[in-house]
Each structure stands twice: as structure tokens, then as C-alpha cells.
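The values are calculated or read from the model by the stated rules, or taken from the named source; none is laboratory data. Predicted model only: the values in this text are computed from it and were never measured. All Cβ positions, glycine included, derive from the backbone under ideal geometry; neighbour counts span all protein chains shown. Heavy atoms of the whole protein, side chains included, go into the accessibility calculation; ligands, DNA and RNA do not. Shrake-Rupley method; radii C 1.70, N 1.55, O 1.52, S 1.80 Å.
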Amino acid sequence: MAIRELTHFIGGKNTPSASGRFGDVFDPNTGEVQARVPLADAAEVEAAVADSVQAQREWAAWNPQRRARVLQKFLQLIDDEKEDLARLLSSEHGKTVPDALGDIQRGVEVVEFACGIPHLLKGEYTTGAGAGIDVYSMRQPLGVVAGITPFNFPAMIPLWKAAPAIACGNAFILKPSERDPSVPLRLAELFLEAGLPPGVFNVVNGDKQAVDALLNHPQVEALGFVGSTPIAQYIYSTATANGKRAQCFGGAKNHAIIMPDADLDQVADALVGAGYGSAGERCMAISVAVPVGKETGDALIEKLKDRIGKLTVGTSDNSAADFGPLVSADAVRRVKDYIQIGIDDGAELVVDGRGFGLDGHESGFFTGPTLLDNVPTTSRAYLEEIFGPVLTVVRADSYEDALRLPSEHEYGNGVSIFTRDGDTARDFTTRVNTGMVGVNVPIPVPIAYHTFGGWKRSMFGDLNQHGPDSVRFYTKTKTVTQRWPSGIKDNEGHFVIPTMK
Ligand code: NAD
């Protein structure tokens with residue numbers, strides 16, 4: 001297989017590497033290298049920022065409706081090409097093609113939201129705040145902003161960040177994951193084709209060197225990050241120390257609480273999808289099931305075992321597969337290590353996916369579904385993010401015990417409760433110490449016009465992704481207080497702080 005050589009995308013053009021540094025992009029189905037991605041150095045980042053600064057000045061002067069028209073055209077282009085995009089995405093990530101279509105669709109929904117930018121940018125107005133005084137506010141773009149995104153949603157997360165940012169009048173520099181950069185590069189071409197001026201959406205491929213250059217560049221006004229917690233924390237602290245605005249979303253350990261009154265068949269179906277879908281490589285995957293009471297736990301394990309036995313693991317282009325390979329050989333090693341840690345710490349191995357292999361794909365990054373029961377809460381298999389097809393079960397004696405688990409865990413991204421009791425659900429949604437909550441919904445990713453964000457060590461920053469928070473994050477508020485000569489009634493009191501009498 002010929003190895004493709006990828007580029008950056010700067011100023012409306014595919015821009016070859018200048019640094020001469022490259023990373024490998026694998027086909028997770030075979031374990032073979034399929035492309036080489038350039039890893040930018042500081043000089044390439046500098047060139048991208050300089051280009052974005054120029055482009056942003058003109059772009060910010062477009063009226064919001066005209067900017068929205070570009071996004072509408074972009075939506076059309078994505079729709080025309082979504083099958084090809086999904087196949088490309090799946091070939092580098094390893095998720096199945098239907099799942100890749102979902103990745104694109106969740107990104108598209110935020111572009112649709114951003115098409116409402118003329119309305120979203122409207123400021124506030126107070127007439128007659130004092131004698132002849134009117135006060136109004138306007139939202140202005142920040143300038144050049146950057147997004148650093150993870151491998152696991154190579155379409156959705158770049159679009160979550162870029163669409164609101166550019167709709168607000170910023171220029172956006174994307175530093176996508178070096179594991180699956182081809183879809184982000186194609187999105188850049190589609191933006192250009194939709195009429196986005198060159199330089200408003202630039203893609204700089206790379207690793208820590210490129211990220212550090214963005215973090216240290218004085219003309220990058222804000223950074224949005226999604227990825228693992230240690231990097232999220234590093235980027236947040238460095239960006240804010242450099243005077244930049246930052247929102248950094250990190251890892252997760254999402255619990256599902258299963259009350260004795262829940263419909264256990266529905267729960268088992270939901271947990272299998274939410275635990276093993278996309279091989280567990282979702283920040284909102286359910287990785288811990290907490291059945292309340294022994295009877296609930298025993299019955300749930302039986303139902304899960306039955307369903308897991310029927311799962312099909314296959315190549316990402318196999319339409320019959322429930323999930324495909326992991327993204328890398330390292331990821332497979334990490335997942336297997338965590339399973340062993342859980343066993344060593346006393347967990348009961350109910351289903352072992354470690355021996356899974358696919359004929360003809362022996363070097364692919366596969367592992368089967370694993371189910372661990374009675375995982376001690378002191379085990380690293382419970383405390384840390386595994387990010388693979390492993391569902392751990394922690395049993396709770398009571399609702400209060402169950403509520404404590406996600407509330408006291410260091411991560412606080414998503415959590416779900418399965419119950420038919422409204423009082424329990426209401427109590428749970430009010431008291432649980434987690435950013436996003438599902439009631440009988442296993443993956444409670446909010447819709448595009450609400451905001452997405454976890455709590456505790458799942459998020460560093462104040463403003464969430466998409467929804468109204470994204471417009472707040474990508475704009476600064478200017479407030480104008482005005483009075484015209486006819487409104488000036490006396491000329492006294494110039495030396496004291498003005499107040500509204
Ligand atoms: P990662 O942290 O390894 O990489 C994310 C990005 O950071 C990539 O673009 C990468 O190139 C860059 N990066 C990596 N190391 C860096 C370093 N030392 N300095 C500067 N930049 C660096 O994450 P990943 O493996 O790509 O993605 C999986 C992680 O992302 C999981 O922890 C998952 O929970 C998390 N995630 C979180 C959310 C959320 O919204 N909370 C969403 C999706 C994924």
C-alpha cells in the first residue's frame with residue numbers, strides 16, 4: 001500500500017511540511033502505516049498565525065448573516081460527502097462507518113447551531129438608563145483562536161470548536177490529533193469551497209512542539225482543548241499564565257447507577273452500547289455500572305454476559321461489526337494492563353476480551369469486550385480512565401452508596417441513573433457531583449444548543465463547549481454608555497463617580 005504524505009492547510013492551500021518531522025498514521029485494522037503526517041515546528045505555527053491574523057481582519061468585518069451563509073453552504077457540502085468522510089474517518093480511527101457517520105452528524109449539529117449567529121450575537125440594550133442615557137453591549141470576536149483536539153472524535157470536536165469560533169468572526173487554527181488528521185484536513189478544503197476566505201480556518205498538524213508554539217504565541221487569544229486530563233491541565237495552566245482564554249476538557253470515568261426498579265433489559269442494552277460502542281473510546285462512554293442491591297447486580301451481570309456474547313468485533317468497514325479496533329497498539333496494551341490490574345486487585349473477570357483475534361488481521365489493534373465484576377474502588381482499574389471496551393461493575397448496597405461513587409470520583413464528566421421512580425431521579429440529578437446527567441439515557445451528551453462540559457478533573461475553565469457558552473467563550477463583551485447633548489441637563493457633579501439618580 002502506498003503511504004500517503006499529508007500536509008498542513010494554511011492560507012487556503014495544502015502546505016507541505018517545512019520542519020521535515022513526520023508522524024505515522026496507522027490503519028488500526030491491519031496495524032500498517034497508511035500515511036505520514038507532518039509535525040509542525042514553531043516557524044510553521046508562526047506562519048499559520050500570521051496568515052490567520054490577516055484573514056481575521058476581513059472576516060470579522062463580514063456581517064453575521066453573510067458569515068452564516070458560508071456555514072450553510074458548508075453543511076450542504078458535508079452532507080453531499082458524508083459517506084466518503086465517514087469511510088476516511090473510520091479507516092484512521094477504527095470506529096465503524098455508521099459510528100463515524102454519527103461523529104460527523106454530532107459535529108454538523110453544532111454547525112447548524114452556529115448558523116444562528118446573527119441572533120446569538122445580539123447584545124443587550126437599556127434605553128433611558130439615566131437622563132438621556134442608553135447602555136448597550138456588543139459581542140466582538142477575540143481575533144485568532146486555536147483548537148487542540150483528540151483522536152476519538154476527529155470530525156465532531158473540531159467542528160464543535162471551529163463552527164462557533166468562526167461564526168463569531170474569529171480565525172481558527174486547528175491542531176488535530178496526529179492519529180487521524182485526514183478528516184480535519186478535508187474539512188478545511190470544504191470550508192474553502194463553501195466560501196470561507198483563505199486563512200480563516202487553518203490546520204496545523206503536529207505534536208507537543210506545535211501545541212507549545214500556539215500556547216506561547218502572543219497573537220493566539222484563546223485555546224480550546226479536548227483530550228486527556230494531564231494535558232488538559234497543562235494547557236489550561238500554560239494558556240492562562242500567558243494571558244489567554246482557555247477551556248480544556250479532559251478524561252472521564254462515567255458511572256451508570258441501576259436502581260432495583262429499572263427495566264434491566266433496557267439497561268443491559270443501553271450499557272452494552274454505551275460501554276463497548278466505539279470500542280469504549282468515547283469520553284462519555286459508560287465505564288462503571290453500579291447496580292444497587294445484590295439481586296439487581298446478579299441479574300444485570302447475567303443479562304450483560306448474554307449480550308456481550310453476541311457482540312461482533314470486526315474491521316471498521318464491516319457493516320455487521322458492533323465495534324472495531326482500538327486506535328493504536330499502545331491503546332491495546334494499556335487496556336490489557338488495566339484489566340490485569342483489576343484482576344490483581346480482586347475484581348472478578350466475567351468476560352475476558354484479551355484473547356480476541358481477527359483472522360487475517362493479526363496485527364490489527366483489536367481487543368474484545370471485557371466485563372469485570374466487583375471491582376474494588378481502590379483499584380486503578382476503577383480510579384483511572386481505561387478508554388477501551390471494558391465495563392467494570394462496582395456493587396452498591398444502597399442508593400446513597402451509589403450516589404457517592406460518581407460524586408466522589410475525581411472525574412465528573414457524565415453519569416446516568418436508570419430508574420422508573422421520579423423522586424429518585426430528581427434527587428439524583430440535583431445532588432450528583434457531575435457535569436452532565438442522564439435519566440434512563442446512557443450517554444447524556446447535550447444537544448448542540450445546550451452546552452457540553454464536565455466537572456472536577458474532566459474540565460478546566462469556566463465556559464462549556466457549544467450552545468450559548470461557546471458564543472461567550474469566543475467573544476468579548478463591549479458595553480457602551482452613551483448620552484447625547486440634548487440629554488445633558490446640568491453641568492455639575494463632574495468630579496464624583498457618576499451614579500443613576
Ligand atoms: P491526548 O491528551 O493524548 O491528545 C489530545 C491532543 O493533545 C492531541 O491533539 C495531541 O496531539 C495533543 N497532545 C498530546 N500530548 C501533548 C503534550 N504533551 N503537550 C501538548 N499537547 C499534547 O488525548 P487523546 O488520546 O487524543 O484523546 C483521548 C482523551 O480525550 C481521553 O482522555 C478522553 O476522555 C478525552 N476526551 C475528552 C472529551 C471531553 O469532552 N471531556 C471528549 C473527547 C475525548
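One table, with the values for the structure above:
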{"quantity": "Some residue of segment 45-54 being under 30 Å from E281 (Cβ atoms) and among the hydroxyl-bearing types (S, T, Y)", "calculated": "no"}
{"quantity": "Selection count, segment 23-54, where residues are hydrophobic (A, V, I, L, M, F, W, C) and within 25 Å of the chain's Cα centre (by Cα)", "calculated": "9"}
{"quantity": "Residue within segment 286-305 that is of a type in the set (G, A, S), within 16 Å of the ligand (Cβ to nearest atom) and not assigned by TED's automatic domain parsing to the domain that holds T96 present", "calculated": "yes"}
{"quantity": "Test: residue in segment 114-135 that is polar (S, T, N, Q), in contact with a strand residue (DSSP E or B) (Cβ under 6 Å, 6 or more places away or on another chain), at negative phi and buried (at least 17 other Cβ atoms within 10 Å of the Cβ)", "calculated": "no"}
{"quantity": "Enumeration of residues in segment 243-256 that are more than 14 Å from the ligand (Cβ to nearest atom) and either of a type in the set (K, R) or over 11 Å from G412 (Cα atoms) (or both)", "calculated": "G243, K244, R245, A256"}
{"quantity": "Of all residues in segment 322-364 being under 25 Å from the mean Cα position of the chain (by Cα) and open to solvent by 70 Å² or more (accessible area, probe 1.4 Å), the one that is nearest to V393 (Cα to Cα)", "calculated": "R334"}
{"quantity": "Single residue of segment 388-399 satisfying the filter (open to solvent by less than 40 Å² (accessible area, probe 1.4 Å) and under 30 Å from the mean Cα position of the chain (by Cα)) that is nearest to L300 (Cα to Cα)", "calculated": "V393"}
{"quantity": "Residue check, R431 of a type in the set (K, R) and within 13 Å of the ligand (Cβ to nearest atom)", "calculated": "no"}
{"quantity": "Count - residues of segment 106-143 that are within 16 Å of the ligand (Cβ to nearest atom) and in contact with a Lys or Arg (Cβ under 8 Å, 6 or more places away or on another chain)", "calculated": "0"}
{"quantity": "Per-region count, segment 337-388, residues of a type in the set (A, V, I, L, M) and in contact with a Gly (Cβ under 9 Å, 6 or more places away or on another chain)", "calculated": "9"}
{"quantity": "Selected residue [more than 14 Å from the ligand (Cβ to nearest atom) and crowded, with 24+ Cβ neighbours inside 10 Å] from A171, A146", "calculated": "A171"}
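Results for (1) open to solvent by less than 30 Å² (accessible area, probe 1.4 Å); (2) in the same structural domain as P164 (by TED's automatic domain parsing); (3) within 30 Å of G107 (Cα to Cα); (4) not in a loop (DSSP other than H, G, I, E, B), shown as yes or no for each residue.
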residue: D401; (1), (2), (3), (4): no, no, no, yes
residue: R404; (1), (2), (3), (4): no, no, no, yes
residue: S407; (1), (2), (3), (4): yes, no, yes, yes
residue: V415; (1), (2), (3), (4): yes, no, yes, yes
residue: N433; (1), (2), (3), (4): no, no, yes, no
residue: I447; (1), (2), (3), (4): no, no, yes, no
residue: D462; (1), (2), (3), (4): no, yes, yes, no
residue: S470; (1), (2), (3), (4): yes, yes, yes, yes
residue: T499; (1), (2), (3), (4): no, no, no, no
